[in-house]
Amino acid sequence: MVLDLEEKVSAAVKKLKERGLVSPYLRSFVVARINPLRWIKGEPPPLEEVLKTMRERAARFNVEKIKPQDLAGAGGPPDEEV
Amino acid sequence: MFAGANARSWLRWLEIEDVDAETGVEFSAMVKRAPARRRPRKAKPGTKGLGPAECRLEQPTGAAAEAAEAIAKAGGCVVGSYKEPLAGHPVLLSVLPIDAVEPTPFQRDLSDAHHKRLADVINKTGRFLDPIIAVLAPRGGFWTPNGRHRLEAMRRLGAKSITALVVADREIAWQILALNTEKAHNLKERSLEVVRIYRGLVDEDATRPESQFAFYLDEAALVTLGVCYERVPRFGGGAYHPILRRLEAFTDEPLRTAPSRITRNGPRWCSTSRRRFRQQ
């Protein structure tokens, strides 16, 4: 499930790169955008549901709406943490 | 490429000394580079240092004997001595009163979180197994150039004494950075390590509850990430780690079945990766 999600996130990252957006945090940016836990304060839903929601959101991620300034505020761990 | 004045300005910017009169570009003398750092070649196996029997040191002499005296004077005791196996320098394995040891005054600040975490780990294992390095301090007592966090962790636990490798050569105190070259584990390394431990535990006895090994495995999320990293070495696990960490927890299920129901709440979930993991 995580790897299925990773595939969809990678596709979104690829599209962003094709649009000329360059950042080491592109993957973190996409994951942050599709992460439903951001708005949940209390007890989180089951992992299965969260991953399903994230997969759906990643599949319909609209790269046209992303502006370069949106990326400026993105942080988090770099994509290639090796 | 560049030509004429344009090339000259570029080359000046690049600090290039000679320019070919015809083409305007000189490729041979080019950019002044810092000399390459030379690292000694890998030595042939078994050609350097001392053999096990040669490392025996019955009676310390010279500076090592002085250090042994200082240890006794401070209320500590030398429990063993040996020549370290690379260059044969004497080392005294000692137990020192904890109050006689201080960190070298010039080393990095104490990390509150790290020394508390270390204290928790030492407390859980119930053993102190990693001696600190110590040298004689200029005004009595001992300095540790590499062991500040272990020292503070032991103080936090209320220990009376601490084991130390006392080095007679005081210069070692200035080599803090060299002594701290150990590389911290990144997420990929931690995850792969955890999944290998998990597999080892399953092979040993898969009927034991998963939660019994929470201490060894650190986080349930690392097991999932480890499986992902095994399948996709360039997996960007850092992006998913916070989510998995929040949602996954160890259960009281036996190790054999736990990977399929590892979430904190809700129904069973069985990821592709976990299913594969179980089959292996």
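Structure values in brief
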read-out: GNM result for chain A, Cα springs below 10 Å: residue of A:11, A:72, A:59 fluctuating most strongly; value: A:72
read-out: Quotient of C-alpha Rg and 2.2 N^0.38 Å, computed over segment B:76-229; value: 1.25
read-out: Label-point separation, residue A:37 to residue A:71 (7 Å along Cα→Cβ), nm; value: 2.6 nm
read-out: Computed lengthening from residue B:232 to residue B:99, 0.36 nm per intervening residue step minus Cα-Cα distance; value: 42.9 nm
read-out: Amide N proximity, segment B:219-235 versus residue A:17 label position 7 Å along Cα-to-Cβ, cut-off under 18 Å; value: B:232-235
read-out: Set of lysines near residue B:48 by C-alpha distance (under 24 Å), chain-local residues within fewer than 8 positions excluded; value: B:83
read-out: Separation between Cα centres of segment A:1-65 and segment B:38-88, rounded to whole Å; value: 56 Å
read-out: Principal-axis tilt of helix A:2-18 within chain A, Cα atoms, nearest 10 degrees; value: 20 degrees
read-out: Nearest 10 degrees, 0 to 90: helix A:47-59 Cα axis against chain A principal axis; value: 30 degrees
read-out: Whole-number percent relative contact order across segment B:73-165, with pairs defined as alpha carbons under 8 Å at least 6 apart; value: 35 percent
read-out: Gain on full stretching of the segment that runs from residue B:50 to residue B:180 - 0.36 nm per residue minus C-alpha separation; value: 44.4 nm
read-out: Dipole moment magnitude, nearest 20 debye, segment B:55-179 about Cα centre, only Lys, Arg, Asp, Glu C-beta charged; value: 400 debye
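A short reminder: the numbers here are calculations on the coordinates, not readings from a lab. Predicted model, so just to flag it, every value in this text is computed and none were measured. All Cβ positions, even for glycine, are placed from backbone atoms using ideal geometry, and neighbour counts span all protein chains on display.
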